[in-house]
1. Testing Asp116 on (1) surrounded by fewer than 21 Cβ atoms within 10 Å (Cβ to Cβ); (2) in a loop (DSSP other than H, G, I, E, B), one condition comes back false. Which one is that?
2. Hey, among Leu406, Leu376, which residue is in a helix (DSSP H, G or I), touching a residue at least 40 places away in the same chain (Cβ under 8 Å) and under 22 Å from Tyr421 (Cβ atoms)?
3. Which one of these is out of contact with any Cys (no Cβ under 6 Å at 6 or more places or on another chain), of a type in the set (Val, Ile, Thr) and closer than 15 Å to Val117 by Cβ: Val178, Val150?
4. Would you be able to tell me the number of residues in the stretch 277-307 that are in a helix (DSSP H, G or I) and among the aliphatic types (A, V, I, L, M)?
5. Spot the failing condition for Ala426; the list is (1) small (Gly, Ala, Ser); (2) in a strand (DSSP E or B); (3) out of contact with any Lys or Arg (no Cβ under 8 Å at 6 or more places or on another chain); (4) surrounded by fewer than 17 Cβ atoms within 10 Å (Cβ to Cβ), and only one is missed.
6. Of the conditions (1) without any contact (Cβ under 8 Å) to a residue 60 or more places away in the chain; (2) over 30 Å from Glu140 (Cβ atoms); (3) of a type in the set (Asp, Glu), Asp164 clears all except one; give me its number.
7. State all residues of the stretch 1-25 that are at pLDDT 90 or above and in a loop (DSSP other than H, G, I, E, B); if no residue qualifies, say none.
Amino acid sequence: MKTKAPPKHSKILILDFGSQYTQVIGRRIRELQVYSEIVRFDTPADTIAREQPNGIILSGGPASVYENGAPQVDPKIFTLGIPILGICYGLMQMAHHLGGQVRYTGRREYGAGILDVTNGSQLFDGLGAQVDVWNSHGDEVTVLPNGFRVAARTSGSPFAAVEDPQRRLYGLQFHPEVAHTPRGREILQNFVYHICHCTMDWTMGSFIDDACERVRAQVGDNKVVLGLSGGVDSSVVAALLHKAIGDQLTCIFVNNGLLRAREEEVVQRVFGENFHIKLKYVDASERFLTKLRGVVDPEEKRKIIGNEFIKVFEDAIIDLAKTDLELVEPVRQLFKDEVRQAGLQLGLPKEIVYRQPFPGPGLAVRILGEVTPERLRILRDADTIVQSEMEASDWYYRVWQSFAVLLPVQTVGVMGDQRTYDYTIALRIVESQDGMTADWVRLPYELLARISNRIVNEVKGVNRVVYDISTKPPSTIEWE
């Protein structure tokens, strides 16, 4: 089975076998200005052929290919004539299905290693005779399939890199995508440019144009309803859909009473007044706060807010639901920083594009204990000070998140000549790349002092401020 004419844009498909590095592979290919898309490991060969990718990458994974229930590729992909690069488990899949042997030899390779390059493989063009690499495997290929030859070896693996140039099949036992393989980018570059013959034609502008075309083709004359939260993802989707289908889009913004200060004003101004998007504003504050009355368990709060939001949203679209509605996901394949790039290109203001992540349940999970109007007032006032001082000092865009948490702790204080017994505010300011891990930010003492001083003096009901200096893990970024 052979592929048809080349696709409109160069594309690399990544078959995901459960590796912790699969997303990193996708990111590395995008950095080469080539579009990459991650799909299931068992995507049928016929489906892949219709996609017409320039190349395929088989990711690593935690399983052993010879175990019962281990994820297996459709072996027909090796007959498509499309260049394939197998990484770690992906290499073992290739060997396993093409007549080689894979087994656990008792020799594990974890950590740094030196790769000795042989035979002048295209994968290693311009890299020299030795390359620093990063290994992470227990199984290994012990017998190569027919047609394959050794391209490189390490002290622990005689088949660290193998290839069948005639069928354009390549395998690496190490991980070129991680930072610990310093020249891994060049290896992937050789595969993408020299073997797959991809061109650098994936830009944010081309993505937006293609996404608009796909949306128009999918939606036709039908209506689209979008739940707009004001966060970067839904905001970019709103701008993109509006560019694609104009007034066929209606956005619904639900005020659950748990938003940051002026959140509803910003959303209505940006999307209603500036973009002229049809925006339905639903103020359900009382409805949510009534449901939350007396609730202190954080999981119960989340469930109530989630369930109530669905009901409010369903009520809001009751008139629109008389027409056909289409489910569209135009930015599903983008990484977070790419979503931000798209937002800027679509004309969204910086205050929307670079706003910090905000939890779905809103301020309810930053108030430990029961959520009441008075506690919301205290937290909003304190949080507004945190944000304004972070912005004024140019720290806001340098961190992942910066916010206030209202603790269910009252302490004794002295203000003027009077003793007070008021609440405590905790500051949570962290740096992170993706939210999976995080570290507390070493803010200048002067900035911390200014934030603390303003909160204690300007927010009625607070007499103490503390700074959370725990990392994730073991702590989480949010307190609930």
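The values are calculated or read from the model by the stated rules, or taken from the named source; none is laboratory data. Bear in mind the structure is a predicted one, so any value in this text is a computation, not a measurement. Cβ coordinates were reconstructed from backbone atoms using ideal geometry, including for glycine residues, and neighbour counts include every protein chain displayed.
1. Answer for Asp116: the failing condition is (2).
2. Working: Leu406 fails: in a helix (DSSP H, G or I).
After ruling out the rest, the residue left standing is Leu376.
3. Values: Val178 fails: closer than 15 Å to Val117 by Cβ.
After applying the criteria, what remains is Val150.
4. Quick first cut of the stretch 277-307, residues in a helix (DSSP H, G or I) only: 285-292, 298-307.
In the following step, the residues that additionally are among the aliphatic types (A, V, I, L, M) were identified as 289, 292, 304-305.
Final tally of qualifying residues: 4.
5. Only one criterion is unmet by Ala426, namely (4).
6. Here Asp164 clears every test but (2).
7. The initial filter retains those residues of the stretch 1-25 that are at pLDDT 90 or above, namely 10-18, 22, 25.
If the condition is that a residue be at pLDDT 90 or above and in a loop (DSSP other than H, G, I, E, B), then Ser10, Phe17, Gly18 are the ones that fit.
Each row is one residue, and each column tells you yes or no for (1) under 25 Å from the mean Cα position of the chain (by Cα); (2) crowded, with 17+ Cβ neighbours inside 10 Å; (3) under 21 Å from Ile318 (Cβ atoms).
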position: Val224; (1), (2), (3): yes, yes, yes
position: Val237; (1), (2), (3): yes, yes, no
position: Gly246; (1), (2), (3): no, no, no
position: Val266; (1), (2), (3): yes, yes, no
